[in-house]
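Have a look at the structure below, then the notes.
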Ligand code: KG4
Ligand code: ZN
């Protein structure tokens, strides 16, 4: 990238958010996100509907981002778009739009790994972690514990062996009949529940390795609900307050305890004082609370993105793309969508 070329337009369409952002020198000038509501009645993301909604929204969202930033396309120096991981049809919309835009305007183009975007979401904030830091990436599809040695250099310490943390939230919410996506709903209901009411399992919390497992916890909740006739009926909750709130709080606490304990141990073992928690689940209020108190007990600096940057957004993709461009990288026009792209 030529010196002075610093205005990046980022595009994110990997799942059910259509988002376009504009960054200037790494600072957010616009970050427009629309969440597709079309999936709510199905209790999960329907891939074909997601792709269609992206096709419909990509141009208006880009125009809204340009308007918010007060720029026109002529001001943009480079384009970044997420090319994986995600739903292939959804990824293709943003990726192809980004590549075509770059080609038509003769601008550099960079494909971005969505998970690298999540890692760098924390760098959209003024207070940034120092290298090396540990990054816990907790989203709907991933639960990765990453040692970030230096910019754009990662060592994977552990990841989930089955369900991602966000997926566990969404599946438990479905069993309870409290809507999709389940994370924010459980978070809300748990606020008035007792986290010690039910002792759900904390899989691998004490194990030597840094991997996670949430399917045992999910099954424990299923059996708990089935044995008490509390499974959702016709998508509506059977369990009522205060029992419903206690189940949410106890399940949430089991997830939080595992995430915090594993991350604390990784930070201790690697002698790292800076820890970032990113991805959709990092919006969880209990997770933020417990991490913050663990960090102050252990003399660790903990970083959470603001809520807008926790869940999927194009600003994080634009930032990661900007770093890659500064590193002298660009992607070819032949770059394909990679649904199961890994960060390491
Ligand atoms: O990062 P993200 O927006 O998309 C993926 O890359 O997957 O994460 C979405 C996930 C969903 O599973 C959603 O339920 C979860 O993040 N989530 C939460 C909260 N807000 C979103 N989980 C727990 N508590 C929340 N407040
Ligand atoms: Zn994500």
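No lab work stands behind these numbers, since they all come straight from the coordinates. Since this is a predicted model, take the numbers as computed values, not measurements. Quick reminder, even Gly has a Cβ in these numbers, built from the backbone with ideal geometry, and neighbours come from all protein chains shown.
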Tilt relative to the chain, helix 47-69 - C-alpha long axis, 0 to 90 degrees, to 10
60
For the chain, modelled as a Gaussian network with Cα springs under 10 Å, which listed residue fluctuates most, 50, 333, 207?
207
If N is the number of residues in the stretch 68-121, what value comes out of its Cα radius of gyration divided by 2.2 N^0.38 Å?
1.20
Please rank 221, 38, fewest neighbouring Cβ atoms within 10 Å first, as an exposure proxy.
38, 221
Dividing the alpha-carbon radius of gyration of the stretch 1-60 by 2.2 N^0.38 Å, where N counts its residues, gives 1.39
Viscosity 0.692 mPa s, 37 °C: Kirkwood-radius Stokes-Einstein D of the stretch 1-144 over Cα pairs, µm²/s
207
Over all pairs of distinct alpha carbons, what does the Kirkwood formula give as the hydrodynamic radius of the chain, in Å?
20.5
Inter-label distance for residue 75 and residue 334, nm, one decimal - labels placed 7 Å from Cα along Cα-to-Cβ:
3.6
By average Cβ neighbour count within 10 Å, what is the ranking of 150-156, 163-169 from highest down?
163-169, 150-156
Any idea how far apart residue 153 and residue 238 come out in nm if each label point goes 7 Å out from Cα toward Cβ?
5.5
Considering only the chain, what is the antiparallel percent among its DSSP beta bridges, to the nearest 5?
60
Quick check on the exposure proxy: order 33, 110 from fewest to most C-beta atoms within 10 angstrom.
33, 110
Looking at the stretch 127-304 from every direction and averaging, what is the projected area of its Cα convex hull in nm²?
9.7
Gain in span if fully extended, residue 292 to residue 208, counting 0.36 nm per residue against the direct Cα distance
27.9 nm
Projected onto their principal axes, the Cα atoms of the stretch 175-244 stretch, largest extent first, over whole-Å spans of 41, 25, 23
Does the stretch 212-344 come out rounded, prolate or oblate, given a ≥ b ≥ c as the square roots of the eigenvalues of its C-alpha gyration tensor, rounded meaning a/c under 1.5 and, failing that, prolate meaning a/b above b/c?
oblate
Residue 196 versus residue 299, label points 7 Å from Cα toward the beta carbon: distance in nm?
3.0
Using only Cα atoms and rounding to the nearest 10 degrees, what angle (0 to 90) does helix 215-227 make with the longest principal axis of the chain?
40
Determine, for 115, 175, the number of other Cβ atoms within 10 Å of each Cβ, and report the residues in order from fewest to most.
175, 115
Between residue 271 and residue 342, what FRET efficiency follows from the Cβ-Cβ distance if R0 is 22 Å, with the result rounded to 0.05?
0.25
At 222 nm, what value in deg cm²/dmol follows for the chain if DSSP H runs of at least 4 each add -39500 (n - 2.57) and the sum is divided by all its residues, to the nearest 500?
-13000 deg cm²/dmol
Taking the chain as the reference, fit the longest principal axis to its C-alpha atoms, fit the long axis of helix 165-176 to the helix C-alpha atoms, and give the angle between the two in degrees, 0 to 90, nearest 10.
50
Taking Cα centroids, how far is the stretch 292-310 from the stretch 129-190 in Å?
15
